[in-house]
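Engineer: Dropping the structure in here first, questions after.
The values are calculated or read from the model by the stated rules, or taken from the named source; none is laboratory data. Please read these numbers as outputs of a predicted model, since none were measured by experiment. Cβ: placed from backbone, ideal geometry, glycine included. Neighbour counts: every protein chain shown.
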Amino acid sequence: MSSLHTLIVDDERLARDELRRLLADRDDITIAGEAANADEAKAAIQEHDPDLLLLDVQMPGESGFDLLERLDAVPHVVFVTAYDEYAIRAFEVNALDYLVKPVEPQRLDDAIDTVQQRTDEASPQAIAAEDDTPPTLTAEDQVFVKDGKRCWFVQLADVRLFEAAGNYTRLYFGAEEPLIHRSLSHLEDRLDPDQFFRASRQHILNLQWVDDVTPWSKKKLKATLSDGTEIEMSRRRSRTFRDQLSL
Amino acid sequence: MTRTQAYWTCQLGGWGLYVVFRIVLSSFFSAGTWERTIGFVVLGTAGLVYTHAFRFVVKTWGWTWLSLRRLVPRVMLAALVISTLSHCTGDVVGRYLLELSFYDEVESGGGLLLASIANGWILSMLWSVIYFGVHAVWNYRQAEVDKWKLEAQAEAARLQALKLQLNPHFFFNSLNSVRALIAEDPPRAQRMVTRLARLLRTTLQVNDVKTVLLEDELVTVRTYLELEKVRFEDRLQYRIDAGEAARGRPVPFLLMQTLVENSVKHGIAQQQGGGTITIEASVCANGDATRESAALGHDVLHLRVANPGTLQSDQRGTGLQNAQERLHLLFGEAASLTVTDTDDDRVVATARLPGRPTAPNPAAPSTFDSSTSPARDVK
């Protein structure tokens, strides 16, 4: 079992120390660093690239949710809260992992075990949007999406289609289609080009979900996704697609 | 069985029995004829129809909720009307429409008329006694149910208030801090537990105590702030500045505490660098000549709690609203509580209180014994 690089984010020093102490006995956890607010957390994420965030929800300035929304890719996250009815309801409704303070050692152990199990399936990276030389987002990575009261950790492998909506991008996964506050171009720069294909000004396709590609008009191609959605490619991108295919 | 079903069962059954009873009774005195039978059926039907109409009147005007003293004369009069109408109907239908021969046998003299109406009156009164009796029982039962419902509601409201007062977010965070301190600084952890216990004890008596001396309220506030200092460390500073005269004045129990909690929650906890909470209390001469202000008396107690930050819309939350209501309930409408932004990026809550609580409001629970011996539990 690999050691999880863990970042503790909480505005109270005593709370951070307490988590550190509770985790001291586990040899499958390495505390990579600590942060007292969202800004510190972002810096620490750039520096340490943690596998796991233990994240307090209530912090001065930006909340834990705000922080996640500002990351291009989020690692595994376990929320920690003292008592916040709204946050707890959100965790319950969206089936997110969370712990309540004071943290029970057994509950913490269980939460870490769950994360370890998930790590066997996928190891999402943590990527701050401000990274200068950003690592590429792969299908294993996940983004945090918040749409009103609902929120998800969405693995990019599950996203069929990215659709431009001004400064926002609409994600299509499962039966959901929420917006994230990122432009399609920004995402194109980050996404792994072998897996995610810019089909037009409007769309990025997840090639894993493409069932069929057929000629549409003289110089255009049309992709059909496994859910039946048909996406028209631009002329230029159709040419690129043909070139890549013939290679 | 619904109430309507019960009514119709009694109504049809009762009048049916009445008719049968009259027929059987009359057959003892003279040989029963079908004409007599029809006569009694007519009378019984008239009674059924008129009492049913009476029920409509009773329901429309809500007579079942009248006091006995107001109900009895109304019912007695109504019974007279019903019996007169019944008698006339029987007479008109029996004698003239059906031309029943036995009406020829009886003379329609004054004495007999009176006897017939008196008979009908007693019958109508009997009907009313049953009808209103049943309703009285129903009303009583409903009142019992309502009473329990109200008590349950009041209990729920009390629990909600207690939860609000307890500030669960603060308590769980504090417990978390204690857990961390036990390893780091055991003597400090011990002090913290003692303070938590003291604050919890104070909070739990929220229903028994209405007002306390400011001096005692400030003890609670200080206990609370010391606990929050463990959590926020250098991020929380506070200053309490209360004059001698102000310290001896009564204030609503936990009013200051609510204001200070708000300051921590919306001020300190939202600032990455934290800040200072200033608490000031002073007694000022009332220079304001408006009529509203006059109700505050000569010496007005000013309470001010200030924290860094700007006023958020959600800062006018339930806690503050409750505090405002309680202040008005205890110290009259002239007392005020306002929260405003200042130019130097601070939020200030200001309360203005008269010298003593207003006369107990009969609608509000009011035991002011705490203002005479307030130090009893709080210290």
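Engineer: Would you call A:Val100 surrounded by fewer than 20 Cβ atoms within 10 Å (Cβ to Cβ), in contact with a helix residue (DSSP H, G or I) (Cβ under 8 Å, 6 or more places away or on another chain) and of a type in the set (Val, Ile, Thr)?
Structural biologist: Judged against the criteria, A:Val100 is a match.
Engineer: Do you know which of the residues in segment A:36-54 that are of a type in the set (D, E, K, R) and in a helix (DSSP H, G or I) is surrounded by the most Cβ atoms within 10 Å (Cβ to Cβ)?
Structural biologist: Restricting to residues being of a type in the set (D, E, K, R) and in a helix (DSSP H, G or I), the top hit is A:Lys42.
Engineer: Ok, one more. Looking at segment A:55-77, which of the residues that are in a strand (DSSP E or B) and away from chain B (no Cβ under 13 Å) is nearest to A:Lys101 (Cα to Cα)?
Structural biologist: A:Leu55
Engineer: Condition first: at positive phi and not in a helix (DSSP H, G or I). Can you find one or more residues in segment B:161-168 that meet it? Let's see the steps before the verdict.
Structural biologist: Taking segment B:161-168 and keeping what is at positive phi, we get B:167.
Subsequent filtering for residues that are not in a helix (DSSP H, G or I) retains B:167.
Yes.
Engineer: Additional query: On the given criteria, is B:Ala334 part of a loop (DSSP other than H, G, I, E, B), at pLDDT below 90 and among the hydrophobic types (A, V, I, L, M, F, W, C)? Write out each step before concluding.
Structural biologist: Numbers: part of a loop (DSSP other than H, G, I, E, B): yes; at pLDDT below 90: yes; among the hydrophobic types (A, V, I, L, M, F, W, C): yes.
Here the answer is yes, as B:Ala334 does meet what is asked.
Engineer: Within segment B:92-103, which residues are surrounded by 17 or more Cβ atoms within 10 Å (Cβ to Cβ) and modelled with pLDDT of 80 or more?
Structural biologist: Result: B:Val93, single match.
Engineer: Out of all the residues in segment B:220-247, which are surrounded by 14 or more Cβ atoms within 10 Å (Cβ to Cβ), within 14 Å of another protein chain (Cβ to nearest Cβ) and free of Cβ contacts under 8 Å to residues at least 24 places away in the same chain?
Structural biologist: Listed by number, the list holds a single entry, B:Lys229.
Engineer: Which of (1) modelled with pLDDT of 90 or more; (2) more than 29 Å from A:Glu130 (Cβ to Cβ) does A:Arg237 not meet, given it meets every other one?
Structural biologist: (2)
Engineer: Further question on the same structure: Determine which member of the set A:Leu53, A:Leu22 is aliphatic (A, V, I, L, M) and out of contact with any strand residue (DSSP E or B) (no Cβ under 9 Å at 6 or more places or on another chain).
Structural biologist: Exactly one residue qualifies, and that residue is A:Leu22.
Engineer: For segment B:56-67, state whether one or more residues are of a type outside the set (Asp, Glu) and more than 16 Å from B:Tyr131 (Cβ to Cβ). Talk me through it step by step, then tell me what you get.
Structural biologist: From segment B:56-67, those of a type outside the set (Asp, Glu) are B:56-67; that's our starting set.
Those left that are additionally more than 16 Å from B:Tyr131 (Cβ to Cβ): B:67.
Scanning segment B:56-67, I find at least one residue that is of a type outside the set (Asp, Glu) and more than 16 Å from B:Tyr131 (Cβ to Cβ), so the answer is yes.
Engineer: From the set of residues in segment B:248-263 that are in a helix (DSSP H, G or I) and without any contact (Cβ under 8 Å) to a residue 60 or more places away in the chain, which is surrounded by the fewest Cβ atoms within 10 Å (Cβ to Cβ)?
Structural biologist: B:Gln257
Engineer: Then there is this: I'd like to check something: does segment A:29-40 contain any residue that is within 21 Å of A:Gln125 (Cα to Cα), out of contact with any His (no Cβ under 7 Å at 6 or more places or on another chain), polar (S, T, N, Q) and more than 10 Å from every other protein chain (Cβ to nearest Cβ)?
Structural biologist: The answer is no; no qualifying residue exists.
Engineer: What about B:Ile268, is it on the phi < 0 side of the Ramachandran plot, within 12 Å of chain A (Cβ to nearest Cβ), crowded, with 22+ Cβ neighbours inside 10 Å and of a type in the set (A, V, I, L, M)? Don't jump to the end; show me each part of the working.
Structural biologist: Working: on the phi < 0 side of the Ramachandran plot: yes; within 12 Å of chain A (Cβ to nearest Cβ): yes; crowded, with 22+ Cβ neighbours inside 10 Å: yes; of a type in the set (A, V, I, L, M): yes.
So B:Ile268 passes the test.
Engineer: Looking at B:Gly39, B:Gly62, B:Gly32, B:Gly16 in this structure, which one is more than 16 Å from B:Trp121 (Cβ to Cβ) and modelled with pLDDT of 90 or more?
Structural biologist: Step by step, each of B:Gly39, B:Gly62, B:Gly32, B:Gly16 is checked, and only B:Gly16 is more than 16 Å from B:Trp121 (Cβ to Cβ) and modelled with pLDDT of 90 or more.
Engineer: Here's something else I'd like to know. Among the numbered criteria (1) at pLDDT 90 or above; (2) under 30 Å from B:Arg95 (Cβ atoms), which single criterion is violated by B:Gly110?
Structural biologist: Only one criterion in (1) at pLDDT 90 or above; (2) under 30 Å from B:Arg95 (Cβ atoms) is unmet by B:Gly110, namely (1).
Engineer: Also: Could you list all residues from segment A:78-108 that are touching a residue at least 60 places away in the same chain (Cβ under 8 Å) and either in contact with a strand residue (DSSP E or B) (Cβ under 8 Å, 6 or more places away or on another chain) or in a loop (DSSP other than H, G, I, E, B) (or both)?
Structural biologist: Those that are touching a residue at least 60 places away in the same chain (Cβ under 8 Å) and either in contact with a strand residue (DSSP E or B) (Cβ under 8 Å, 6 or more places away or on another chain) or in a loop (DSSP other than H, G, I, E, B) (or both): A:Val80, A:Ala90, A:Lys101, A:Pro102, A:Val103, A:Leu108.
Engineer: Please enumerate the residues belonging to segment A:116-151 that are under 18 Å from A:Leu187 (Cα atoms) and part of a strand (DSSP E or B).
Structural biologist: Within segment A:116-151, A:Ile127, A:Ala128, A:Leu137, A:Gln142, A:Val143, A:Phe144, A:Val145, A:Lys146 qualify.
Engineer: Moving to a separate point now. Taking into account only those residues within segment B:179-210 that are in a helix (DSSP H, G or I) and in contact (Cβ under 8 Å) with a residue 40 or more places away in the chain, which is nearest to the other protein chains (Cβ to nearest Cβ)?
Structural biologist: Once the filter is applied, the top-ranked residue is B:Leu181.
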